[in-house]
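Accompanying notes for the structure given below.
The values are calculated or read from the model by the stated rules, or taken from the named source; none is laboratory data. Worth saying up front: this structure is predicted, and the values here are computed from it rather than measured. Here Cβ is always computed from backbone atoms with ideal geometry, including for glycine, and neighbour counts include all displayed protein chains. The accessibility values were calculated without ligands, DNA or RNA, using every heavy atom of the protein model including side chains. Shrake-Rupley method; radii C 1.70, N 1.55, O 1.52, S 1.80 Å.
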Amino acid sequence: MSLIPSIFGGRRTNVFDPFSLDVWDPFQGFLTPSGLANAPAKDLAAFINAKVDWRETPEAHVFKVDLPGLKKEEVKVEVEDGNILQISGERSSENEEKTDKWHRVERSSGKFMRRFRLPENAKMEEVKASMEVGVLSVTVPKMPEKKPEVKSIDISG
């Protein structure tokens, strides 16, 4: 085991070597269920940049997702396993011409997916979605709260 990192050769892979280039990543495989663990960095950027607001009203759970530049045909809203709301889609990248000279590329492209586990009071069979001006609105109605049954007891005596 060398004490000096190798700069003249291949990749160091010895787990006991403190100068090894293999670094343990605690988040490796973290995104695996959504299929994005091995995605390129630009795809992960699109995944992370799908900003969502989730608010709960007395009647429903309301989600607002910023998706500028996307058409409703490029977005999917699905219900999984009875109580998981999944919002996904893909933003295509610009067509690149050989004669074009790019000065800055800041808009993300690629796939995105967001998943939300909803509480038991969500009516998943009545989910509604609409899209206006690049904002997706998803409404999941709630079951009415069951009020506890109160029974009056007469006091004798």
(message) Give the residue list of trypsin sites (Lys or Arg not before Pro) in the range 57-157 that are DSSP loop and have at most 11 other beta-carbon atoms within 10 angstrom.
(response) 71, 98, 101, 104, 146, 151
(request) Filter the chymotrypsin sites (Phe, Trp or Tyr not before Pro) in the range 50-154 to those in DSSP coil with at most 14 other Cβ atoms within 10 Å of their Cβ, and list the result. (result) 102
(message) Can you tell me the length gained on complete extension of the stretch residue 156 to residue 51, counting 0.36 nm per residue apart and subtracting the Cα distance?
(response) 31.6 nm
(message) Given the options 92, 60, 129, identify the residue whose Cα lies farthest towards the positive end of the charge dipole of the range 44-157 (+1 on Cβ of Lys, Arg; -1 on Cβ of Asp, Glu).
(response) 92
(message) Could you report the range 49-122's accessible area per residue, 1.4 Å probe, as an integer in Å²?
(response) 74 Å²
